[in-house]
Amino acid sequence: MIKYHVQSATVIKNEQLSTDTFLLTLRSGSWMFGQKLIFQPGQFVLLGLPGSNEAAFSICSSSQAGKKWQVAIRRVGNLTDKLVQLRSGEKVYWRGPFGHGWPMDQLKGQNLLLIGGGCGFIPLRGILQETKIIHYPGQIKIFYGCRNKDNSLFKDEYPKWQNKQKSFHLITEQEAPQGLVTDLLIKEHFQHDALAWIVGPPIMIRETVKLLVARGLTFSNIFFSLERRMCCGVGLCQHCAINKVYVCQDGPVFSGLDWQTNPHLI
Amino acid sequence: MQNQEVLKLFKYLLKKYKIFGPVKESDGVINIKQLKVATEADYSGKIPIESYKRFFLSEQESLFYFRNGRWQLSSQLTDKVALWCLNILDLQAVGLTDLIFTDDIYYQKRRKNSLLIGYSVGAPAAELDYEQFHMEKIDNILEHIPFDIFLEKDNIDQFKIYTGSALGQRIVRAAGILFSERIKFAGMVKEKGPDQIMLKNQKIIEQSLDDPIWLELGKTCTACGKCTAVCPTCFCFELKDQSENSKVIRTRCSSDCFQKDFARVAGDHNFLATSSEKIRFWYEHKFSRIPERYQMPGCVSCLRCHQVCPVDINIIQIWQRLKANYQNNHHD
């Protein structure tokens, strides 16, 4: 097994989502086997350009979309500077997918709370494109906290997330009504058997989990996705380790129960 | 060292391999150097300051390269090396990295080109130096370490020769050695299951998050990373692109968890920001993550980390304190 070998993908579209974040639509097709990317929602890829190394990005599109898939990239350094400037027809190189994704098999019609903070909202957007979610019989409540409205991602899609089945709640730190994503949750009603899937910075995850548990959710119904520095993606290089787990292999999605046995997760 | 059988073996190997082994320098330090004659090697049984990992895990390994719009597999030119007089603890470390890198073609190619000649001089003079502080004693140790040939010296300078692989047997025969005993490798984990002391220690480490020892060590440790350089089971790495002429080479470079950007992510958040977090992370690797995945300890008790530590951090003393603190907090 050649663990570090990459496949190529062609840029189909590059759209600007906010001041610093871009959405790349890619089509798989490689120099070797032409494999398409088969993934579970919540998994990630290592994406790179020759000479600029690789970094981990969550796939933020539906897992049923065949050879086309999307990643949202925030400009923060050398590699992302180059990635956001790619034009259609240009190539990127990827490997993966890695890790464990969201527990889709636990969706049984109960309330689903999708809670994202900042860039953490990116992986949640992919869930909303899944066929199982589009036809989900239960209520889906989406909570998104970010710095300001200019910075918020996927603005064009908000109307689609406001209907009988879904509700969308946005809160920003800089504009009225100012607040954090936890402020949204305090006001909201949801069933005690609701599932909560959370992505964001560790402090936001921690406070959100505490709040949800205080409001009656069980640890076993709470899941969160963690960010760490990823290098090998296969649980060897140690960069993403937390105590005895590797985020790249055992995560990035963990459950509230994992947090109970490993308090350093978040 | 005058044993004729051993001299015959060395001479035979010299024709086919570059031989490396422990050599005692004038200042008393034992380094691993290329050997031209068997008598150059140190046969005291003491552990060299450097580990043997560089022979299997290169500091910089070219994995593949990008040229003319294509990625291509790098060709690997590795010399055939014979590692002479590896001690049991270093063989345990090789056994562990064999498991960890079991499907890594780059590691396996180097490993395939290496011949392991183990060596034991019986019970060491300073037993504390080799104290298996975290493991139960293993009686049939040779069945649980990888080697091609093993030389066991007794106290009257007589050698007993064992073979641990088909290649080892062929070499011993071809070198004209008349008597050797075949040992069958039974895997790194003992037949009766994972080491009980290892499992207990794993539990201690995993419940030590609030142990004040980490904060205390964080004040002492300079995060120099010397312990990671000499540790035979430290293998952290990163993948980096390096430009050379008209090609970009994706390279696996050795790294260490004491480096300041080891766990830094975009947005500048650093998940291993303090020396205290780093040293605990190092211990978790050896005593929690490796046992969890491979059912064997990630530390072979070679004590090199203590030998090179500029601020005298002593792994034995740390373990004594971790165990004492655990017992004070858990009366089980």
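Throughout, read-outs are computed from the coordinates displayed, never taken from laboratory work. Just so we're clear, the structure is a prediction, and the values are computed from it rather than from any experiment. Neighbour counts run over all protein chains shown; Cβ positions are idealised from the backbone, glycine included.
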Shape call, the stretch B:212-275: gyration tensor on alpha carbons, a/c limit 1.5:
oblate
Between B:T102 and B:K8, what is the label-to-label distance in nm when each label sits 7 Å out along the Cα-to-Cβ direction?
3.8 nm
With each pseudo-label sitting 7 Å past Cα toward Cβ, what's the B:Q34-B:E191 distance in nm, one decimal?
4.4 nm
Can you give me the Kirkwood hydrodynamic radius for the stretch B:197-329, using every pair of distinct Cα atoms, in Å to one decimal?
16.1 Å
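Going by a ≥ b ≥ c, the root eigenvalues of the Cα gyration tensor, does chain A fall in the rounded group (a/c under 1.5), the prolate group (a/b larger than b/c) or the oblate group?
Here chain A falls in the prolate category.
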Quote to one decimal, in nm, the extra length available between B:L199 and B:C253 on full extension: 0.36 nm per residue of separation minus the C-alpha distance between them.
16.3 nm
Taking a quarter of the surface of the Cα convex hull of the stretch A:7-98, what do you get in nm²?
5.4 nm²
Per the helix-only calculation at 222 nm, which mean residue ellipticity applies to chain B, given -39500 (n - 2.57) for every DSSP H run of n ≥ 4 and division by its residues, nearest 500 deg cm²/dmol?
-9000 deg cm²/dmol
Pairs of Cα atoms under 8 Å, at least six residues apart: use those to get the relative contact order of chain B, whole percent.
19 percent
Relative to chain A, whose Cα atoms define the longest principal axis, helix A:202-214 and its Cα axis are tilted in degrees, nearest 10, by 30 degrees
Of all DSSP beta bridges in chain A, antiparallel share, percent nearest 5:
60 percent
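Percent antiparallel among DSSP beta bridges with both residues in chain B, to the nearest 5? Intermediate results must be reported in sequence, preceding the final value.
Numbers: 30 of 44 bridges.
So the antiparallel bridges amount to about 70 percent of the total.
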Cα-projected label distance for A:Q178 with A:N78, points at 7 Å along beta-carbon direction, nm
3.8 nm
Any chance you could tell me what percent of the C-alpha pair distances in chain B go past 31 Å?
38 percent
Nearest-0.05 FRET efficiency for B:N328 and B:K160, computed from C-beta distance (R0 45 Å):
0.45
Determine which residues of the stretch A:214-255 fall in the zone a paramagnetic label at A:M104 would reach in this model, i.e. backbone nitrogen under 17 Å from the point 7 Å along Cα→Cβ.
A:252-254
I want to verify a result. In a Gaussian network model of chain B, Cα cutoff 10 Å, which of these has the top mean-square fluctuation: B:P146, B:P22, B:P194?
B:P194
Out of A:K166, A:K82, A:K244, a Gaussian network model of chain A with alpha-carbon springs under 10 Å gives the largest mean-square fluctuation to A:K244
Within 10 Å of each residue's Cβ, count the other Cβ atoms and sort B:C299, B:C224 from fewest upward.
B:C224, B:C299
Considering every Cα-Cα pair within the protein assembly as shown, what fraction, in whole percent, is farther apart than 49 Å?
20 percent
Sequence-separation-based contact order of the stretch B:197-329, relative, with Cα cut under 8 Å and 6+ spacing, percent:
34 percent
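Using the beta-carbon distance between B:K219 and A:D193 and R0 = 35 Å, what value does 1/(1 + (r/R0)^6) give for FRET efficiency, to the nearest 0.05?
Rounded to the nearest 0.05, the efficiency is 0.15.
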Where both residues lie in the protein assembly as shown, what percent of DSSP beta bridges are antiparallel, nearest 5?
60 percent
Based solely on its DSSP helices, what 222 nm [θ] is calculated for chain A when runs of n ≥ 4 H residues each add -39,500 (n - 2.57) and the sum is averaged over all residues, nearest 500 deg cm²/dmol?
-4500 deg cm²/dmol
For the stretch B:171-257, what value does the Rg/Rh ratio take when both radii are computed over Cα atoms and Rh is the Kirkwood radius, given to two decimals?
1.17
